[in-house]
Amino acid sequence: MNRLIESIHQELLPGLRIESITAHNPVEVHKIPSPWQLLGTGNYAAVVYHPDHPLQVVKIYALGRPGFEEELEVYLRLGSHPAFSECLYAGENFLVLKRLEGVTLYDCLHLGLRIPERVIQDIDQALDYARGRGLYPHDVHGRNVMMLEGKGLVVDVSDFLHKETCSKWNNLKRAYYWLYRPLFSPLRLRVPYFGLDIVRTSYRLLFKGKRMANTVGVTMLLVLAATIAITQWQAQSSRCVRYVLDGSQKTLYGEDCKY
Ligand SMILES: Nc1ncnc2c1ncn2[C@@H]1O[C@H](COP(=O)(O)OP(=O)(O)O)[C@@H](O)[C@H]1O
Ligand SMILES: [Mg+2]
């Protein structure tokens with residue numbers, strides 16, 4: 001751990017350039033010093049790891065984004081639970097966390113990975129556990145929850161001290177039971193990132209003031225229709241795109257598309 005902390009101060013912090021442009025879009029990463037690798041970004045922070053310390057991640061808050069002390073407090077209250085990470089060290093504006101090896105549900109939709117119901121149930125149980133520890137699950141959405149070997153994990157707990165009700169998780173569950181299980185999963189549909197971003201943005205704009213929840217449903221159906229149309233068109237022209245976990249994509253032709 002000491003070597004990691006040293007490397008954070010000597011290599012990572014002096015060389016890293018991240019910027020949060022708006023509070024409702026992921027931070028932008030301009031530069032990461034080698035050999036550090038980016039694992040993900042949220043609206044407040046970037047999460048990176050060092051290849052010599054693959055079991056830990058460093059979550060660095062962008063300048064001017066709050067929440068760092070609160071997240072630390074949440075981890076103290078959570079203690080140890082299989083569905084959550086743990087805070088191993090806290091520095092100035094950064095936290096060293098236990099690495100969770102899963103794929104976010106957002107990326108699962110993009111990659112076309114099947115999300116079993118157990119994932120949803122595990123996350124529900126984990127959120128109940130958090131409530132039992134005096135916390136208020138908040139901001140639980142597709143980029144903040146993960147799937148690992150068919151089990152559910154909660155990767156971002158930074159807003160769990162906020163007492164206001166937050167319906168994101170309940171809405172995500174609705175979308176899972178109404179749209180994902182009957183349509184996306186059996187048709188093995190992959191949603192391109194631009195489709196996911198349309199859902200994300202329309203959710204924020206339309207759902208915020210409790211206005212027209214149905215519009216969100218309609219947007220999701222439009223994205224669904226577009227995804228089906230693209231998939232069909234690709235199948236007709238006997239070509240398909242396969243996404244790989246590292247985010248890259250490959251175009252396959254003819255028979256290869258069946259596998
Ligand atoms: N402990 C972790 N292990 C592995 N990946 C993580 C971990 N924490 C965060 N990530 C990745 O980084 C992304 C951003 O982290 P997050 O905590 O959601 O930041 P923010 O608080 O800015 O929303 C997540 O969506 C996830 O992909
Ligand atoms: Mg997040």
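Computed from the coordinates by the stated procedures, all read-outs in this text should not be read as laboratory data. Since this is a predicted model, take the numbers as computed values, not measurements.
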(message) Ignoring everything except DSSP H segments at least 4 long, calculate the 222 nm mean residue ellipticity for the chain; use -39,500 (n - 2.57) per segment, divide by total residues, nearest 500.
(response) -10500 deg cm²/dmol
(request) Measure up Lys31/Lys173; Lys98/Lys168; Lys59/Lys168; Lys98/Lys151 against 28 Å on the Cα-Cα distance and list the ones that go over. (result) Lys31/Lys173
(request) Could you work out the Rg to Rh ratio of the chain, with Rh taken as the Kirkwood radius (inverse of the mean 1/r over all Cα pairs)? (result) 0.98
(message) Looking at the range 110-160, I'd like the Rg to Rh ratio, where Rg is from alpha-carbon atoms and Rh is Kirkwood's inverse mean 1/r.
(response) 0.99
(request) Hey, can you grab everything whose amide H is under 5 Å from the amide H of Trp36? Only 5+ residues off in sequence or another chain; H modelled, so Pro and N-termini drop out. (result) none
(request) Could you list which residues have their amide H under 5 Å from that of Val140, counting only those 5 or more apart in sequence or on another chain, with H placed in the peptide plane? (result) Lys168, Trp169
(message) Based on Cα coordinates alone, diagonalise the gyration tensor for the range 2-98, multiply each eigenvalue by 5, take square roots, and list the semi-axes in whole Å, largest first.
(response) 20, 18, 12
(request) Would you pull out the residues with amide H under 5 Å of Tyr89's amide H, same chain only if 5 or more places away, H placed 1.01 Å from N? (result) Val96
